[in-house]
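Inspection log for the structure reproduced underneath, given as structure tokens.
The values are calculated or read from the model by the stated rules, or taken from the named source; none is laboratory data. The shown structure was predicted, so the numbers you read here are calculated from the model rather than taken from an experiment.
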Amino acid sequence: ALRAAVVDGTIDVSGIEAGTAYFFFGSFSNGNQVTVNLTGGLGPDDTIGTGNLTPGQNQNGAWVAAFDFDTTGGFTTLEWGYTHQDLDGSPGSRARLAGIVVTAIPEPSGLACLGAFALVGAFRRRKR
């Protein structure tokens, strides 16, 4: 887990047509914010979401924020940022970014190829 109040980065999504980016994070008593933008397209950047989450007073909290994206328009990069209200980033900071997972939604043509391969395999198995 990253232990910092402000963390940002980029993820190359040039080979993905559409998908979801999941951000795992948490803190104690302070607010969290995750922002995700699509960049590198033909037009202006696209903000696909901002998640503001704050636990109750003196409570631990852990969340998963999900952001769906579509790279139509030539987008190639997800730019993300995590901000926690504990901006001094002191050693006692309880801000945590635990991880990021990006899943792709399969293209219909890819699913068709997999289906065709499964049918061929099943047919060949029946013949024996």
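General remarks:
- Every residue from the stretch 7-17 that is at pLDDT 90 or above, hydrophobic (A, V, I, L, M, F, W, C) and in a strand (DSSP E or B): I11
- Matching residues in the stretch 74-106 - criterion: being modelled with pLDDT of 85 or more and in a loop (DSSP other than H, G, I, E, B): G74, F75, T76
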